[in-house]
Amino acid sequence: GDSVTQMEGPVTLSEEAFLTINCTYTATGYPSLFWYVQYPGEGLQLLLKATKADDKGSNKGFEATYRKETTSFHLEKGSVQVSDSAVYFCALWANSGYALNFGKGTSLLVTP
Amino acid sequence: ETGVTQTPRHLVMGMTNKKSLKCEQHLGHNAMYWYKQSAKKPLELMFVYSLEERVENNSVPSRFSPECPNSSHLFLHLHTLQPEDSALYLCASSQESGRTYNEQFFGPGTRLTVL
């Protein structure tokens, strides 16, 4: 079945460091891919998305490119801030049904 | 209130108790969802209601019973739970329009502890 694998956390970075959180997926067909973020004490928020191969999603300085050849959707940010500390979830939608398939989440802590 | 609200935010219950979680969405959406978020595990979709009818039920034990009285409200009734049911329960809503993906908006969750 469809699934998402993302790197284990926690990830600890200093402010202004470069961030990469790896995400790979397994799916039949051409799923849509998402990154969600969960700040402490809050629900999940959609951060960015890509619906077809080679699409780049971007928001708030974060980027991810849908790479079909490597079945990946890695999240990157050039310079993280303390306010980026949160849990990041990679997810896919198989273009049918209601279910989003989520990864286990990667906790990010950014220190001053 | 705006967005998706959930009450209570925290709940501690014994295995013999009966309690209910409440979710309300203020976005005019027509679909609502219950998810379970456990530590070190992916989010698990439990139930989906679209236009107030249950359209998906992912093999959830019968000790969890959902109710959707209208498009703005969703309940999760709990009875005779087990300690392994302790988790964060998230509610979400979306505007469904056929089979295209529409962003799900999440509430802050109810942190449930079963003793």
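The values are calculated or read from the model by the stated rules, or taken from the named source; none is laboratory data. Please read these numbers as outputs of a predicted model, since none were measured by experiment. Cβ coordinates were reconstructed from backbone atoms using ideal geometry, including for glycine residues, and neighbour counts include every protein chain displayed. Only protein heavy atoms, including side chains, enter the accessible area calculation; ligands, DNA and RNA are left aside. Shrake-Rupley method; radii C 1.70, N 1.55, O 1.52, S 1.80 Å.
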Notebook entry, point to check: Over chain B, what is the percentage of antiparallel beta bridges among all DSSP beta bridges, to the nearest 5?
Noted result: 90
Next item on the list: Pop out the carbon and sulfur fraction of the accessible area of the range A:1-100 as a percent, whole number, probe 1.4 Å.
Entry: 48
Check: Which residues' amide hydrogens lie under 5 Å from the amide hydrogen of A:LYS104, considering only partners 5 or more residues apart or on another chain, with H built in the peptide plane?
Finding: A:GLN6
Next item on the list: With a cut-off of at most 16 other beta carbons within 10 Å, and DSSP calling the residue loop, which GluC sites (Glu not before Pro) in the range B:26-69 qualify? Please list them.
Entry: B:GLU52
Item checked: 34 Å tail of the calculated P(r), the protein assembly as shown, as % of Cα pairs -> 14
Check: the range B:36-115: which trypsin sites (Lys or Arg not before Pro) are DSSP loop and have at most 14 other beta-carbon atoms within 10 angstrom?
Finding: B:LYS40, B:ARG63, B:ARG99
Note to self: Placing unit charges on C-beta atoms (Lys and Arg positive, Asp and Glu negative, everything else neutral), compute the dipole magnitude of chain A about its Cα centre in debye, rounded to 20.
What the structure shows: 260
Next item on the list: For chain A, just the Cα set please: Rg and Dmax, both in angstrom.
Entry: 13.4, 43
Check: Gap in Å between the Cα centre of the range A:56-78 and the Cα centre of the range B:24-39?
Finding: 26
Check: Arranged from highest to lowest average of other beta-carbon atoms within 10 Å per residue, in what order do the peptides A:69-79, A:42-52, A:7-17 appear?
Finding: A:42-52, A:69-79, A:7-17
Item checked: Selection from B:GLN37, B:LEU51, B:HIS73 lying farthest towards where the dipole of chain B points positive, charges on Cβ -> B:GLN37
Notebook entry, point to check: For chain A, what's the relative contact order in percent, using C-alpha pairs closer than 8 Å and at least 6 residues apart?
Noted result: 37
Next item on the list: Cross-chain or 8 or more residues apart, Cα under 18 Å: how many lysine pairs in chain A fit that? Count them up, please.
Entry: 8
Item checked: Partnerless Cys - chain B, beta-carbon criterion under 4.7 Å -> B:CYS68
Next item on the list: Please give the length that would be gained between A:ARG67 and A:SER14 if that part of the chain were fully extended, namely 0.36 nm times their separation in residues minus their C-alpha to C-alpha distance (nm, one decimal).
Entry: 16.3 nm
Notebook entry, point to check: After finding the eigenvalues of the alpha carbon gyration tensor for chain B, what semi-axes result from the square roots of 5 times each, listed largest first in whole Å?
Noted result: 23, 14, 13
